[in-house]
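Undergrad: Sharing a structure here in structure tokens format.
Each value in this text was obtained by applying a stated rule to the coordinates, not by laboratory testing. From a predicted model like this one, the values you see are computed outputs, not experimental measurements. When we count neighbours, we look across all protein chains shown, and the Cβ atoms used for this are built from the backbone with ideal geometry, even at glycine.
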Amino acid sequence: MEILRQTHYTPAPVSGGYTDRILRIDLGTHSTEIQELDPGFKQQYIGGRGYAIKLIWDGTTADTRYDSPENILVMAGGPLCNEPAFPGTGKFIVGTISPLTDTFIDSNVGGHFAPLLKLAGFDALAVTGVAAAEVILLIDADAGTLSIARAPAYDREEDSGALSYGQRLMRELNAGEWTDAVAAVTAGDGALQARCGIVNSLYYDKRRGRLRAKQAGRGGTGTVMRAKGLRGIVVRSSRSRGNGNNAGVNGIYVFPSMPEPVIGKGLLQRGKGGFLQSGINHWSRKIGATGHRQQTYKRRQQKSGNPYVVQQADC
């Protein structure tokens with residue numbers, strides 16, 4: 001594998017579900033930057049979607065299109081994604097300017113990529129630029145290296161498929177062996193032919209003894225990935241998961257308070273208020289919906305007398 005650019009680094013520890021670092025990569029210049037975040041950043045832009053909205057708003061304009069070099073492809077996980085052993089905690093957000101809508105889009109996807117990226121020392125990955133020739137990214141916490149490599153060519157069948165190509169990359173990075181310490185994201189050749197291309201998240205399921213894949217299917221995120229000349233991203237980290245998510249009391253994460261509402265005219269008008277308010281409203285709806293479901297469970301139990309309906313205190 002031909003390495004075009006390699007940088008050595010020391011992975012940051014996970015504390016309270018965050019590392020307070022973002023990895024920025026410009027494919028046009030083959031440059032890498034580790035951005036240190038102010039501790040207040042994670043309190044204002046909670047989780048993967050908040051990070052994606054903020055990074056893309058700051059780095060794009062109303063004229064940015066999906067294939068513009070300045071468009072940003074963001075992959076970010078929230079404070080609970082350090083440990084993928086529990087349902088839903090391996091989820092992360094893929095955010096970008098969509099080829100379908102010409103505005104911000106995010107799509108959530110599972111797998112081990114974001115948990116391993118977190119263990120490799122980063123809360124988010126932000127990719128800009130367009131590569132002159134197709135490349136892959138290698139984030140190797142075990143070796144302490146960040147590499148941009150020329151996309152290897154195997155055979156026609158493996159090269160054309162997102163899953164087959166990602167599978168080959170994962171095994172090559174780990175000397176032909178399967179391990180749950182390696183995960184990848186890829187986009188296949190189909191993403192070059194349509195604006196609805198998807199991003200695939202590949203990981204090895206040790207319990208089932210086989211490779212599995214999840215997809216970020218909304219908004220054409222895979223099309224953006226291939227438009228940047230990016231075939232795949234592989235991350236490896238054997239670092240202990242430890243207790244990095246214990247950010248609250250007795251193991252319960254306490255979410256920080258939301259910022260003051262930002263007045264805007266809506267996301268589709270590409271206004272800053274619209275971008276930020278969209279993220280705030282989403283989180284508010286999630287919290288509100290949870291409370292509503294809990295009250296609904298309690299009312300149903302009181303009405304039916306069914307002891308198997310979950311009570312509010314158990315939610």
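Undergrad: Can you flag which of 91/228; 54/214; 91/214; 42/206 are past 20 Å Cα-Cα?
TA: The answer is 91/228; 54/214; 42/206.
Undergrad: Still on this model: Which residue, chosen from 190, 126, 77, occupies the Cα position most advanced towards the positive end of the dipole of region 77-212, where the dipole is computed from +1 (Lys, Arg) and -1 (Asp, Glu) charges on Cβ about the Cα centre?
TA: Farthest towards the positive end: 77.
Undergrad: Note down the net charge around residue 211, summing +1 for each Lys or Arg and -1 for each Asp or Glu among other residues with Cβ under 10 Å from its Cβ. Can you show the working numbers first?
TA: Working: positive: 171, 208, 210, 212; negative: 205.
Surrounding charge for residue 211 is +3.
Undergrad: Rank-order 70-76, 220-226 by packing density, defined as the average count of other C-beta atoms within 10 Å over each peptide's residues, highest first.
TA: Put in order of decreasing packing, that is 220-226, 70-76.
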